[in-house]
Amino acid sequence: MSDSSLHNTLNHLAEGDSAWITDIDVSEELGRRLTALGLSIGKQVRVLRRAAFNGPLHLRTGNTELMMRLPDAQRIHITRVTTQ
C-alpha cells in the first residue's frame, strides 16, 4: 500500500481542497442521509473549514453545505482534485 493511499479519506483534506468521492463505508442509515444531502459516490466535495480541536468539517457538495464529524469523514474514500 503506498503512502498516498493511506490518506485518501475525506478527513485528510485541508481547507479549500476538493475531491471526488470514490467509496462510502458507513451504515445504511447514515448512507441514506448522506445521499439525501448530495454526498454520494462520484460527487465532488470541497472542505470549506475545519473546526479547531478535531471538530467537524464544513463541507460543500453542489449547492449544499453541511457539517460532518471526523469519524464519519474517515469512512468516506476520495480521489483528490488536482489543479494544474
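In whole Hz and in residue order, list the ³J(HN,Hα) couplings for the stretch 15-22 that follow from phi through the Karplus curve 6.51 cos²θ - 1.76 cosθ + 1.60, θ = phi - 60°; x for Gly and Pro.
4, x, 6, 10, 7, 9, 7, 10
In debye, nearest 20, what is the charge dipole magnitude of the chain about its Cα centre with +1 on Lys and Arg Cβ and -1 on Asp and Glu Cβ, if you could check? Display every interim value, and only then the final one.
Working: 10 positive and 9 negative charges, 50 e Å.
Using Cβ point charges on Lys, Arg, Asp and Glu, the chain gives about 240 debye.
Cα-based Rg (one decimal) and Dmax (whole number) for the chain, in Å?
Considering the chain through its Cα atoms, Rg and Dmax are 12.0, 38 Å.
Can you give the relative contact order of the chain as a percent, counting alpha carbon pairs under 8 Å and 6+ residues apart? List each step's numbers first, then the result.
Working: 144 pairs, mean separation 33.0, N = 84.
Relative contact order comes out at 39 percent.
Read the figures in this text as sums done on the coordinates, not as results from a lab. Everything numeric in this text was worked out from a predicted model, so none of it was measured. Cβ coordinates were reconstructed from backbone atoms using ideal geometry, including for glycine residues, and neighbour counts include every protein chain displayed.
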